[in-house]
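Please treat every number below as a calculation from the coordinates, not as lab data. No experiment lies behind these values; they were computed from the predicted model shown. When we count neighbours, we look across all protein chains shown, and the Cβ atoms used for this are built from the backbone with ideal geometry, even at glycine.
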Amino acid sequence: MFLCKVISKCTLRLLLKSRFHRKQKIFIRLHSTRRLEEAYKVVKTKCQSKKLPKDVNPRAVFACNELDLKEVKVYGFDYDYTLACYKPSLDYLLYNLGRQTLIEQYKYPPDIKNLEYRPGFAVRGLHYDIEKGILLKLDSFLQIQFGAVYKGLTPLSNEEVLQIYKNRIIPIAYVEGHTKNASDSHTKMVQLADLFSVPEMCLICNVADYFEKKHFDYHPEILFRDIKSSIRNSHPVMHNIVAQNVSEYIERNDKLRQFFDRLVQANKKLFLVTNSPYGFVNKGMEFMVGKDWKEYFDLVIVQARKPRFFTDLSRPIRVYDERSGSHIWDRVTKLEKGVIYYEGTVKQLQDLTGWRGHQVLYFGDHPYSDLADVTLEHGWRTGAIITELTHEIATLNNPEFKKNANWLQMLTQLIEDHQDCEDPDEQKILMKWMAERDKLRNDIKYVFNEQFGSVFRTYHNPTYFSRRLFRFADIYTSNIANLLNYSVNHTFYPRRGVMPHEYISYFV
Ligand SMILES: [Mg+2]
């Protein structure tokens, strides 16, 4: 009897104890989920009370590397998309000419003439997988940006992308080939790094989409090479059409003359090295600067065939006779102002002028063929003209964008700080936060470009394009005339970026 009483007392105590523990557990769980909800509220309130950052000046010049203009004695320029900025009508013209060549010379189905140019479909800097026929955006770690992968005009889901590439990161040999030269035919991917390639990408995607829908058996590499050749072969026709109707295709740039005047007054030397032919460049420069544009330049080299101009060791520089429009075979032993040259190499340019290294600042729009070799091989200083900055900065300056970008940052920190909780209820809250973060990331991407987002960023990393740009350009800006906002003695200082192991800010 006594034993029975003792046992039942013990059982009761145990029962009470376990009930208490359950209650305590429920209390702790409630308490911890409430803790997360409270933390969210606090961060959200803090975000809403924060002052939005000041607008970025769309006409500023941005520095990747310190550059003292006092040291620069010689200013060099590329022509297309550096001095000459084209209107969207040029994209349509190139697209239409390429499509016509594709039908007439390459015997593509005449139906493709109904495929119209889609402005804003692509952005520059994308990669095209010539083997698989896929257009995609890569970040600086060679990671594919999910949601920015297209076959024709159809976006591929994340599962489809992983099925095709087996991994989110693409091996470097696949992207850049085994050789230094990225345009080498061993590479499986080509990067479309200049603005002339934007209509080209649209034509590739339009025709691929047409083939897919018609269930035609086509080879993506043949399609790519045909379209590339069609667009390239269309350039001479494009040059004639633009030269006859300059104002329809080239943006007026009233400040260009003022910019050259200031450089000449400061005793700077000026030169032009362009791949385009003389007649085309001359018409454009007359339109933008005036009939006397050549007086500003100490040296003009046309049809330079960059990047070979910067990489070839020997290819004679030649004289172009402006009056007769013919090429002269005389050996060139000195470079004269007022004479038009073509071909040649940077070695001859340097040997015949004595312009070298950090005294030269060369501006171009193409991070590789304009800027990479001159900076890596010859130590020239470089400036990139990136027209897209106007749109990118206007987007950054939108208050809605600023709010979203700020909140994304703070929400990510919140997730990072609370991610280790194991309780299922807490996990549910975390999942909710992650979903909100995914939506925010997409909202931020779409405002730049619906398909591919910003030219400079994937969700959080720099793009493959911007990594190259920041490596090869000392400064970059949206328009060459923005340099007028700074004196000829200005020093551009790069922002001291924060490394992951450093303080977020020196001020609390
Ligand atoms: Mg160019």
Note to self: Kirkwood Rh of the stretch 88-247, Cα pairs, one decimal, Å, is 16.4 Å
Averaging sequence separations of C-alpha pairs under 8 Å and six or more residues apart, then dividing by the length of the chain, give the relative contact order as a whole percent.
25 percent
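Could you line up E343, E66, E286 from fewest to most neighbouring Cβ atoms inside 10 Å?
So the residues, fewest neighbours to most, are E66, E286, E343.
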Lysine pairs meeting the criterion (Cα under 19 Å, 8 or more apart or interchain), as found in the stretch 213-308
10
Under the definition of Cα pairs under 8 Å and six or more residues apart, what whole-number percent is the relative contact order of the stretch 88-247?
32 percent
At q = 0.17, 0.19, 0.21 Å⁻¹, work out log10 I(q)/I(0) for the stretch 30-78 with the Debye formula, treating every Cα as an identical point scatterer and leaving solvent out; two decimals please.
-0.76, -0.83, -0.90
Could you go through the stretch 141-156 in sequence order and give the Karplus-derived ³J(HN,Hα) for each residue, using 6.51 cos²θ - 1.76 cosθ + 1.60 with θ = phi - 60°, rounded to whole Hz, and x for Gly and Pro?
9, 6, 8, 6, 7, 4, x, 10, 10, 10, 10, x, 9, 9, x, 8
Amide hydrogen neighbours beyond the local backbone of V149, cut-off 5 Å, H modeled:
L156
What number, in percent, do you get for the relative contact order of the stretch 169-309 if the mean sequence gap of Cα pairs under 8 Å and at least 6 apart is divided by its residue count?
17 percent
Unit-weight point scatterers at every alpha-carbon of the stretch 364-508, Debye formula, q = 0.09, 0.11, 0.13 1/Å: log10 I(q)/I(0) is -0.42, -0.60, -0.79
Cα-centre dipole for the stretch 400-461 with unit charges at Cβ (Lys and Arg positive, Asp and Glu negative), debye to 20
500 debye
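Give, rounded to the nearest 20 debye, the magnitude of the charge dipole that the chain has about its Cα centre when Lys and Arg contribute +1 at Cβ and Asp and Glu contribute -1 at Cβ.
So the magnitude is around 2520 debye.
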Does anyone have the angle between helix 2-49 and the longest principal axis of the chain? Alpha-carbon axes, 0 to 90°, nearest 10?
30 degrees
Can you give me the angle between helix 278-288 and the longest principal axis of the chain, using Cα atoms only, in degrees from 0 to 90, rounded to the nearest 10?
70 degrees
Choose one of V198, W355, F401: the residue whose Cα lies farthest towards the positive end of the charge dipole of the chain (beta-carbon charges +1 Lys, Arg; -1 Asp, Glu; about the Cα centre).
F401
Fewest-first ordering of Y320, Y150 by Cβ atoms within 10 Å yields Y320, Y150
Mind running the shape call on the stretch 226-345? Use the C-alpha gyration tensor, a ≥ b ≥ c as the square roots of the eigenvalues: rounded below 1.5 for a/c, prolate if a/b tops b/c, oblate otherwise.
oblate
For G76, distant residues with modelled amide H under 5 Å away:
F271, L361, Y362, F363
Cα-based Rg then Dmax for the chain, in Å, read 29.4, 128
Got a sec? How would F363, F452 order by Cβ neighbour count within 10 Å, fewest to most?
F363, F452
Got a sec? Charge dipole of the chain, +1 on Cβ for Lys and Arg, -1 for Asp and Glu; which of G125, L102, A208 is way out at the positive end?
G125
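Can you tell me what percent of all Cα-Cα pairs in the stretch 320-400 are more than 17 Å apart?
63 percent
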Find how many whole Å separate the alpha carbon centroid of the stretch 453-508 from the alpha carbon centroid of the stretch 378-397.
9 Å
Starting at the first residue of the stretch 308-321, write each ³J(HN,Hα) from the Karplus equation 6.51 cos²θ - 1.76 cosθ + 1.60 with θ = phi - 60°, in whole Hz, x for Gly and Pro.
4, 4, 8, 10, 5, 8, 9, 7, x, 7, 10, 9, 10, 8
Karplus-derived 3J(HN,Hα) from phi for the stretch 390-395 (6.51 cos²θ - 1.76 cosθ + 1.60, θ = phi - 60°), whole Hz, x at Gly and Pro, runs 4, 5, 5, 6, 4, 5
Which one, V273, Y249, M288, projects farthest toward the positive side of the charge dipole computed for the stretch 247-288 from Cβ point charges (K/R +1, D/E -1)?
V273
Taking the Cα centre of each part, how many Å lie between the stretch 271-285 and the stretch 87-112?
24 Å
